[in-house]
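Since the structure comes first, as structure tokens, the remarks are kept for the end.
The values are calculated or read from the model by the stated rules, or taken from the named source; none is laboratory data. Since the structure is predicted, the reported quantities are computational estimates derived from the model, not experimental observations. Cβ: placed from backbone, ideal geometry, glycine included. Neighbour counts: every protein chain shown.
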Amino acid sequence: MIDYQEFKKLAGQLVGINLNEYKSQQMDRRIHSLMQSWELDNYDLFLETLKTNTAKYKEFVKKLTINVSEFFRNPERFMELWHRVLPELLAEHATLKIWSAGCSNGAEPYSVALIVNELGVSDRIEIFGTDIDEVILNKARKGVYEFNDLKNTPPELVDKYFTLTDNQYHLNSNIKNKVNFLSHNLLKDPFLNSFHLIICRNVVIYFTEEAKRNLYLKFYDSLIPGGYLLVGGTEPLLAYRKLGFVSVSASFYQKPKSISDESDLN
Ligand SMILES: C[S@@+](CC[C@H](N)C(=O)[O-])C[C@H]1O[C@@H](n2cnc3c(N)ncnc32)[C@H](O)[C@@H]1O
């Protein structure tokens, strides 16, 4: 019989995440609530179920990685992106590479794609959306949403880019085609680089302090000098200076453009 620690290790290997890199209380609660609802009374059976039952395996991954998202979540950040950050980056670079890390159902990278289209610069921008959860990525690729997902979206953009059928909002294909969705585990997989903007919001809430620090260091390396990192409203980078970033405005951090900018910080 395996114990809980062993279960966590083996189940983590199965999913490809080190469950010890997540804060343990929340994680333990979620794992055990699932175990209870499936009426399993030992960890061997739990592990066997995950290995043999695809639907339950997917439910397990989903449970570990709450997927809540919406278009223009915290609209004021997207307005800053639209009216200040993107115009500034576009003035300095011919093309931009943008990454929504932990993109869930696609609402976040698609919000960026809508802004980019409104700015008339779609052909200068490449957008990636990545997530660990394959099920939610497939949902993202479909681009079909409920009204609630769009409640913060400027109404003129809803009218212009969505078609309402059977109470569901279908995103236009040219916007859908603008985002490349890829499966990617932020705690394990290698990172792409040369990004001008990385958006990672509401993903690290369950990561340990050490996992967060490693993640932000890797984001730093993946940004070009002068590139921006946008984080969630409730997860400011307290140690941004130590990580090498400059705090630009609420939730926006910038990698210094040159070494001399960096030494100004010390
Ligand atoms: C609450 S959603 C946030 C979605 C979007 N960023 C937003 O703020 O609206 C968190 C997403 O992070 C993903 N996630 C959790 N752990 C991850 C990991 N280790 N690697 C990649 N994605 C992860 C989850 O699958 C989930 O879709």
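Taking the numbered list (1) crowded, with 18+ Cβ neighbours inside 10 Å; (2) farther than 14 Å from Ser100 by Cβ in turn, Leu164 passes all entries but (1).
Inside the range 176-211, residues that are over 19 Å from Gly16 (Cβ atoms) and either among the small types (Gly, Ala, Ser) or more than 9 Å from the ligand (Cβ to nearest atom) (or both) make up a count of 12.
If you go through the range 108-161 and pick out every residue that is within 21 Å of Phe195 (Cα to Cα), hydroxyl-bearing (Ser, Thr, Tyr) and more than 18 Å from the chain's Cα centre (by Cα), you end up with 1. Just for the range 134-153: of the residues that are polar (S, T, N, Q) and closer than 18 Å to Phe72 by Cα, which one is surrounded by the fewest Cβ atoms within 10 Å (Cβ to Cβ)? Going through the qualifying residues, I end up with Asn148. When the residues of the range 85-95 are filtered to those that are in contact (Cβ under 8 Å) with a residue 24 or more places away in the chain and under 15 Å from Val248 (Cβ atoms), the one that is surrounded by the most Cβ atoms within 10 Å (Cβ to Cβ) is Leu86. Counted as qualifying within the range 73-131 are the helices (runs of 4 or more DSSP H) with 3 or more residues that are within 15 Å of the ligand (Cβ to nearest atom), namely 75-80, 107-118. Of the residues making up the range 52-72, those that are within 16 Å of the ligand (Cβ to nearest atom) and either among the acidic types (Asp, Glu) or at pLDDT 95 or above (or both) are Glu59, Glu70, Phe71, Phe72. The set of residues from the range 118-148 being of a type outside the set (A, V, I, L, M, F, W, C) and under 27 Å from Ala91 (Cα atoms) comprises Glu118, Gly120, Ser122, Asp123, Arg124, Glu126, Gly129, Thr130.
When you scan the range 226-252, how many residues do you find that are surrounded by 16 or more Cβ atoms within 10 Å (Cβ to Cβ), more than 16 Å from the ligand (Cβ to nearest atom) and of a type in the set (Ser, Thr, Tyr)? The number of residues fulfilling the criteria is 1.
Filtering the range 210-242 to residues that are assigned to a loop (DSSP other than H, G, I, E, B) and of a type in the set (Val, Ile, Thr) leaves only Thr234. Sub-9 Å Cβ pairs linking a first residue in the range 234-256 that is of a type in the set (D, E, K, R) to a second residue that is part of a strand (DSSP E or B) and surrounded by fewer than 13 Cβ atoms within 10 Å (Cβ to Cβ), at least 6 apart or interchain, are Lys255/Pro225, ordered by first then second residue.
Per this entry, Asp123 is not counted among residues that are under 17 Å from Asn202 (Cβ atoms), of a type in the set (D, E, K, R) and assigned by TED's automatic domain parsing to the domain that holds Lys178. When Ser33, Ser69 are screened for being small (Gly, Ala, Ser) and part of a loop (DSSP other than H, G, I, E, B), only Ser69 passes.
Scanning the range 154-172 for residues that are without any contact (Cβ under 8 Å) to a residue 24 or more places away in the chain and among the hydroxyl-bearing types (Ser, Thr, Tyr) yields Thr163, Thr165.
Restricted to the range 243-266, and to residues there that are within 28 Å of Glu70 (Cα to Cα) and part of a loop (DSSP other than H, G, I, E, B), the residue that is modelled with the lowest pLDDT is Ala250.
Can you tell me which of (1) over 26 Å from Val116 (Cβ atoms); (2) touching a Leu at 6+ places or on another chain (Cβ under 8 Å) is the one Ser222 doesn't meet? Status for Ser222: all satisfied but (1).
Looking at Ile115, Ile98, Ile125, Ile132, just one residue is modelled with pLDDT under 95 and among the hydrophobic types (A, V, I, L, M, F, W, C), and that residue is Ile132.
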